[in-house]
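The values are calculated or read from the model by the stated rules, or taken from the named source; none is laboratory data. For clarity, every value in this text was computed on a predicted model and none was experimentally measured. Glycine also receives a Cβ, built like all others from the backbone with ideal geometry; neighbour counts cover every protein chain displayed.
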């Protein structure tokens, strides 16, 4: 019987405390930790340690100061596949490193360093197993000293970290793959930021889109927004991310002091492996071209609508105009003996109805649904017919003129009459702009890119920058008596011919219309 | 020849109709008028029309439909189309395909309208 140290009660000699205290402590979970009685041990400490080492998953090796293995555990055999008797020899490193001479040297150097100091050292290396495979071991070696304090050998422990390394390699491979994907994406700019908005990564495509140098110091994400909209855009993004967890929309982005561009932008959270947001992923795409096409479509629709309206107006005006001018004509045909003041009035009405007729004619030209009669045509042949027509025009007086027709021009696919109207319109415009003083040049030549180009150049006052975008709009004119349909008609003729019209103008110096037509394919 | 030819002018615009009547009458033609396609079809039945001047754009039945019906009734009757659209290739081709002898744009001076009409007539007579 013993006396309980907690309550002083007597109890049988099985536990360190009495039964009542045992129940109480059991409830508190403390019984086994503190008061469980150790069972009597029948084995020696040394033997126990030997067993533990032998059965461990960790490689244990004792190497003498000549770097020969002397003692090893079962893990040596399990991991490396060699029996201990196969390994415990002078050239054991040849087995582990075979033809990897450099690796063997490194490992020897590692053992040497362990023998030089009692400080434990860590080393990772790949070794060959008996079956020819490789395994990666993480060594933690420490020198062993004898009773006099001299180093007598090394205790080596090694963990097999092959799987761990393999998964690390997988991560590295995936990371590299992702990096390559990022780098290969040209149309989209991808970049990541941390939560504070500092750019943490961007790909090559991103650098190209934003005009960044590859070695540029990474900075704030706000840099991608132009100064004038930076704050507003940042607020839009913040609000959307707070409400929906992401931003999807269009934004104006800045191309590193090379101007701004419209972009599609998506911002989503960058999550870590636990799903915690650690930053943001920005994906953007330059949509300048798409915007231009949309603009063109809107413009085309607008022009088509104007065309329809023009046709309707022309038709409605044509009939009353026919009656007014017809009746006037009949009146003057029958009787030309009017007093002077009535004659003047009739002449004015006649002049104005004639003007209306020209306007209606132009409206009809612009809106008519006539499709061009496409044929193989020689641009020079058309230009030859245009010059005499221009020369007899009153606007041509006082203008000097030069023509250079390229030799052996390839034929283009076009409608002779429409192209004649096109060149005549632009030529007349040029003459009108010069106001009876200046030089007109008409040049044709074959371009290398499969186009024939006609250039009509004047030395007039030039076109103002703010007017440049509007000159092809129907009813836009800078002339007092212009209809504003001439260049609109020219534009529709160019479009019907698949051609391209560029206008280069300098105030005070003149304007050049460059008309490019695709060469007709045989 | 001029004085003997009887023209039927078809146009829904009364003032235009009157103008053509006076114009061609002044040139010695005999002129009948119809303000629409239905009236024109009725007139060609009872009147001895030599040539029809037919406006394309008309309500109820337009010039193209009137032309087709006229040609059904009298395949040899020459019909000259009048158009306010200027040269409208699609409509003109359609009319020529249905047997129209030619077309005259209303957007021309009167002298030219008469001249064009005479030119078309001469080609009809040559045939």
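Data table
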read-out	value
Candidate set from the stretch A:373-398 (those that are farther than 15 Å from residue A:443 by Cα and at pLDDT 90 or above); member that is surrounded by the fewest Cβ atoms within 10 Å (Cβ to Cβ)	A:376
Count of residues meeting criterion [assigned to a strand (DSSP E or B) and surrounded by fewer than 12 Cβ atoms within 10 Å (Cβ to Cβ)] in the stretch A:261-280	0
Any hit, the stretch A:252-260, residues being at pLDDT below 85, within 30 Å of residue A:361 (Cβ to Cβ), away from chain B (no Cβ under 14 Å) and surrounded by fewer than 16 Cβ atoms within 10 Å (Cβ to Cβ)	no
Counted residues, the stretch A:51-106 - those being assigned to a strand (DSSP E or B) and either touching a residue at least 60 places away in the same chain (Cβ under 8 Å) or under 15 Å from residue A:139 (Cα atoms) (or both)	9
The stretch A:186-198: number of residues that are without any contact (Cβ under 8 Å) to a residue 24 or more places away in the chain and touching a strand residue (DSSP E or B) at 6+ places or on another chain (Cβ under 9 Å)	2
Of all residues in the stretch A:330-349 being within 11 Å of another protein chain (Cβ to nearest Cβ) and either outside any helix (DSSP H, G or I) or free of Cβ contacts under 8 Å to residues at least 12 places away in the same chain (or both), the one that is farthest from the chain's Cα centre (by Cα)	A:334
Qualifying residue in the stretch B:95-111 (condition: at pLDDT 85 or above, within 14 Å of another protein chain (Cβ to nearest Cβ), surrounded by fewer than 14 Cβ atoms within 10 Å (Cβ to Cβ) and out of contact with any helix residue (DSSP H, G or I) (no Cβ under 8 Å at 6 or more places or on another chain))	no
